[in-house]
Structures are given as C-alpha cells and as structure tokens.
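A short worksheet on the structure shown next.
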Amino acid sequence: MFYIEQLFNGITQGSIYALMAIGYSLIFGTLGLVTFVYGEVVVFGVFVGYYLYAVMGLNFGLALALGLVVTWGVGIIVDKVCYEKFRNAPRLIMLITTIGFAIFLKSSTQIVFGTQQRNMPDILGHVFLNIGTFRIPFIQILIILACIFFIVGLQLLLYRTRIGTALRALSMDKDAAFLVGVDVDKVIKFGHSLGCVLGVFGGVLLGVFYNAINPIMGPNIGLKAFTATVLGGITSIPGAVIGGLILGVMENLTVAVYSAGYRDIIAFIILITVLVIRPSGLFGRKLES
Amino acid sequence: MLQVEDLRVNYGQINAVKGISFEVKEKEIVTLIGSNGAGKTSTLRSISNLIGKSGGKVVFKGEDITRLKPSEIVKKGICHVPEGRHIFPFLTVEENLFMGSYANKNPEKSNYKKNLEEVYFLFPVLKERRKQMGGTLSGGEQQMLAIGRGLMLEPTLIFFDEPSLGLAPILVEQIFKHIEKIRDMGKTLLLVEQNARKALKIADRGYVMETGKIVFSDTAENITQDPKLAKAYLGIA
Ligand SMILES: Nc1ncnc2c1ncn2[C@@H]1O[C@H](COP(=O)(O)OP(=O)(O)O)[C@@H](O)[C@H]1O
Ligand SMILES: [Mg+2]
C-alpha cells in the first residue's frame, strides 16, 4: 500500500522531470551543447510567477502567463550573452559562459526575491480521488495530465509545424539550415526560449507538488533535468520522457526503502552509471556515415 | 546576373581566396575548376555568407548582396547545393524537400505540391523513398536529394559544389545529365568541380582557379582545347 503510493508519487514527480527534461533536450538539440544555466532560468521564472501571484495578487493564470513571458525574454538574453557571439568558437567557451550566467542569475534571484524558501499556495490540497482502497491526491493527477499535455504539444509542434521542422533540421545540420534559408539565429532563440518555458512549467508543477519553492534549487533542477535527458539519450524527446519517469520513480522508491536523505543521490548514481556504461543513453541515436 | 568583384576570404592567417572577380550571365552554365584546396568551396561559401568575406563585392541582378544574411540571400533565389551534400539525416526525404521550400517566395500549398511533383519526376527514386530518413540513402541518392531540395526553392541561380564527389562513375554520369536538364529548365548555374573534363563538357564558360586566384578564363571549348591547360587540369597528355 505504502509502496504503491510511493510509486504513484514517483510517477507524478517523474512526469515533472520528464517535462523539464524535454525542455533541456530541446535546448541541447537547438544549441548542440549542454547548458548549465537551465535550472537557474527555471527558478527565476518560477519566482517571477510566484511574486506576481502571491505578492502582487494577480490571478494564477495571469501570473503564470507573465512569468512565462519573462522567462521567454530571459531565454533570449541568455542566448545573446552566452551563445550568440560564440556559435563558431570552441564549445568550451559556451559552457563557461553558461556557468557564469548561472551564478549571476542565481544571485539575482536571491537579491530580488529574497533568500528564504516560499510556500506555494495549496491548490486542491485536500481533494482526493478514491479508487477502491487507494487515495490519490487529485492534484497529482492534474500534474500528470499537465505534463502529458505539454509533452504531446511539443511533439506536435516539432513534427507538424514549419518552425518545428526547422528546429529539427537545425539540430542536425546548421550549415544546411542556413542554405535552405532558415533564419538560424531566430530559430535558435525560439528553441532555446521554448525549452526554458517548458522548464518553468515543470518548475511550477514541482512547486505545487512540494508546496514549496526555493531560490537556490536551480542546480538541483538542472541536475535532474540533465540526468533524465542523458538517461534517455539527450536528443530524443521520448527518451527524455522515459528518463524523467525512471528518475522520478527510482527517487521515490529509494526514499521509501531507505530514507528521504538519499533522494538526490539517485540522480548522481544514474548519471554516472549511464555515462560509464552507455553514454548514448537508452534511446540515443548514432549516425553511421 | 551575378557579378563577383575582388572577393577575398581569410581563415586567420591563411588567405584562401585572394581577390577574385568573375561573372555569371543569365541561363549560362559557368564552371569554376581547380584542384583540391584551390579555394572553390571558400568562394561559394563566402558568396552565400556562410563564412565572412575579408573584402570584395557581390552583386546579384543589380543588387548588392555582399552583406546580406544567408537566409536573405537564399530568399533572393540563390540556391547553394553544398559540397558533401548536407542533407538532413534524420528528416524523411519528403521533409528534406519541404525544408527546401522554406524560403520559397510562393509558399501556397498548390505551388509546393507542383514543385514536389517536379522533383519526383526528375528523381523518381526520391519518390520511392519519400518516407525514408535522408541519412539512410546511398551517396548518389543523397546527392539527388540535395539537388532536389535546392530546386524546391524555385531558384534562378544555383551553385553546385562538387556534385560528383565520391560517386561511382555511372552515377557521376547521371548527375551531370540531371544538371543539364536543370539548365534546360531555364536555370543559371555556377558549377564547381575538380572533375574538370566533365564540367567543361556541359559548361558554356569556365574559370580556372589555383591557390586562391583565378589564373585563366575562357569559353569551355577553348579551355578544353588549350594544350597547356589540358595537360595541367584535364590530365590529357
Ligand atoms: N575552415 C577552414 N579553416 C582553415 N582553413 C581552411 C578552412 N576551410 C578551408 N581552408 C583552407 O582554405 C583553402 C581553400 O579550401 P577550399 O575552399 O575548401 O578549396 P577547394 O574547395 O577548392 O578544395 C585550403 O588551403 C584549405 O586548407
Ligand atoms: Mg571544395
């Protein structure tokens, strides 16, 4: 009984990780590079939304929408500062610029929004769905449905729209994208900001799930998204989803079997194991040529 | 149609293109020949602005396009089929062709369909394989896809960078036949080749490039018949 509840917690949390991981994967695909500023962008966006909602008193939807608009802008700034001038430079430079920007953004979040942890407003906290003897918090079902909605939405965007096809094309061959007339710089900014926005959706849901958000949770979020993405095969969106679910379930089962203190170590164990045993991840594609 | 004046390309200390000037007139096939490392690819890539120019001027249909973004140059109707094909490996053949139409000025669906049918008519094998990933095609098929993708733009001027590179002789033959067909469709072509003999056979005029400079230019016929050039570039004793 307890374990089944934990399993369901794991699936809920896993679907949030999945959402963050597809955002990360999208950014990786767009830029061809890992980023170290993802978690911080997510936290900043979440805090902007939180501030508008809890402090300024805007309604939830409007606060979220404005938070996402700000996130979109931050995404563009990150691309301008960290990537744009260095697209043809050695890749190490872009890794370092994102690390630098992450430090800046984390500090800025703390300066603007304070250093303490905030409680997320408790939405639907006491509504349960009873299936036989199971009591499932209704909010968890909503979280899972929201994640599915965004994941399917991203798939449709990538596979059914013009800009989505351009994004996929760009991730495969930037020169060729230039040559068919894609405005590469614009599409990169679009993909990068879209990835950030997906991350913020995930961050908000994580805050709802835990009832709390913390201005220094950026590196942790970045690690979880990165691990889930690497596990799934870094450029594979379905892979990222499965990677996120596995990570969420393993975390919660570990917490159930041992103790809550072990929660964050699982991500490291998975990350190291994957990198050693199968660096291309579960669904990574290899190009033979 | 296209005038290039005093074009220069540097990679750091290396001067790959040292101030070349040439011209392509409407409905011509002009070929730029020269051995490996002569600077042919650098010339095309700098005209398309995939790499920066260190100097010079490019005019297309009377308009200065020297500093336009690559995407804007493509929108003018200049299509660049690059060396090494550069198809999108994880897009299907049909998606590759769709991407070719990305900058087409007539984006209506009917127009897209018409162009697609034309490409499939020219390269029936692409139609057979339209649901396959580009990366799974053979070298020759990939070259056809790269050319077909270029045609989806409805370009007026096409750059071909070594379309025969790495292909079996029989396929080389086919590709050159297709290039002639494309010329007959009323396109203007700038053809870069190491395979000088083949290129000169279908070209109207040629420029011979050597270590970043144009050392000779004439009609294709005269170049072929010049004994000195024939020996140096065509391997004819
Ligand atoms: N990315 C690059 N960086 C440095 N040097 C380059 C680069 N690309 C080409 N070169 C050099 O520029 C010269 C011309 O190359 P290229 O334009 O590819 O010639 P071609 O297409 O005629 O074979 C060569 O000496 C080559 O080594
Ligand atoms: Mg070349």
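Of all positions in the range B:189-197, at least one carries a residue that is open to solvent by 60 Å² or more (accessible area, probe 1.4 Å), under 14 Å from residue B:160 (Cβ atoms), more than 14 Å from chain A (Cβ to nearest Cβ) and within 15 Å of ligand 1 (Cβ to nearest atom). In the condition set (1) within 16 Å of ligand 2 (Cβ to nearest atom); (2) open to solvent by 20 Å² or more (accessible area, probe 1.4 Å); (3) not aromatic (Phe, Trp, Tyr), residue B:56 is compliant with all but (1). Determine whether residue B:50 is within 10 Å of chain A (Cβ to nearest Cβ), within 16 Å of ligand 2 (Cβ to nearest atom) and either without any contact (Cβ under 8 Å) to a residue 40 or more places away in the chain or surrounded by fewer than 23 Cβ atoms within 10 Å (Cβ to Cβ) (or both). In short, yes.
For residue B:92, the test of being of a type in the set (Ser, Thr, Tyr), touching a Lys or Arg at 6+ places or on another chain (Cβ under 7 Å) and open to solvent by 20 Å² or more (accessible area, probe 1.4 Å) is passed.
Tell me, please, whether a residue that is more than 16 Å from ligand 1 (Cβ to nearest atom) and at positive phi can be found in the range B:153-161. Even if it seems obvious, please write down each step before you answer.
Residues of the range B:153-161 more than 16 Å from ligand 1 (Cβ to nearest atom): B:153-158.
Retained after the next criterion (residues that are at positive phi): B:154.
For the range B:153-161, residues more than 16 Å from ligand 1 (Cβ to nearest atom) and at positive phi: present.
The residue that is most open to solvent (accessible area, probe 1.4 Å), counting only those in the range B:59-74 that are assigned to a loop (DSSP other than H, G, I, E, B) and either under 21 Å from residue B:39 (Cα atoms) or within 14 Å of another protein chain (Cβ to nearest Cβ) (or both), is B:67. Those helices (runs of 4 or more DSSP H) of the range A:139-238 in which 1 or more residues are within 12 Å of chain B (Cβ to nearest Cβ) and within 18 Å of residue A:79 (Cα to Cα) occupy A:162-172, A:174-179, A:184-210. Considering the range B:96-204, the qualifying helices (runs of 4 or more DSSP H), each wholly inside and each with 1 or more residues that are more than 19 Å from the chain's Cα centre (by Cα) and not acidic (Asp, Glu), run over B:109-122, B:124-128, B:169-184. If only residues of the range B:153-188 that are buried (at least 23 other Cβ atoms within 10 Å of the Cβ) and away from ligand 2 (no atom under 14 Å from the Cβ) are counted, the one that is farthest from the other protein chains (Cβ to nearest Cβ) is B:179. Taking the stated definitions as given, is residue B:37 within 16 Å of ligand 2 (Cβ to nearest atom) and surrounded by fewer than 18 Cβ atoms within 10 Å (Cβ to Cβ)? Here the answer is yes, as residue B:37 does meet what is asked.
Could you list all residues from the range B:96-118 that are more than 14 Å from chain A (Cβ to nearest Cβ) and open to solvent by less than 40 Å² (accessible area, probe 1.4 Å)? Step through it out loud before you land on a result.
If we filter the range B:96-118 for residues that are more than 14 Å from chain A (Cβ to nearest Cβ), which is where we start, we get B:110-111, B:113-114, B:116-118.
B:111, B:116, listed by residue number.
Summed over the range A:36-52, the residues that are open to solvent by 70 Å² or more (accessible area, probe 1.4 Å) and either out of contact with any helix residue (DSSP H, G or I) (no Cβ under 9 Å at 6 or more places or on another chain) or in a helix (DSSP H, G or I) (or both) give a count of 1.
The values are calculated or read from the model by the stated rules, or taken from the named source; none is laboratory data. The structure presented is a predicted model; accordingly, all values stated were derived computationally and were not measured. Glycine also receives a Cβ, built like all others from the backbone with ideal geometry; neighbour counts cover every protein chain displayed. Ligands, DNA and RNA are excluded from the accessible area calculation, which covers all protein heavy atoms including side chains. Shrake-Rupley method; radii C 1.70, N 1.55, O 1.52, S 1.80 Å.
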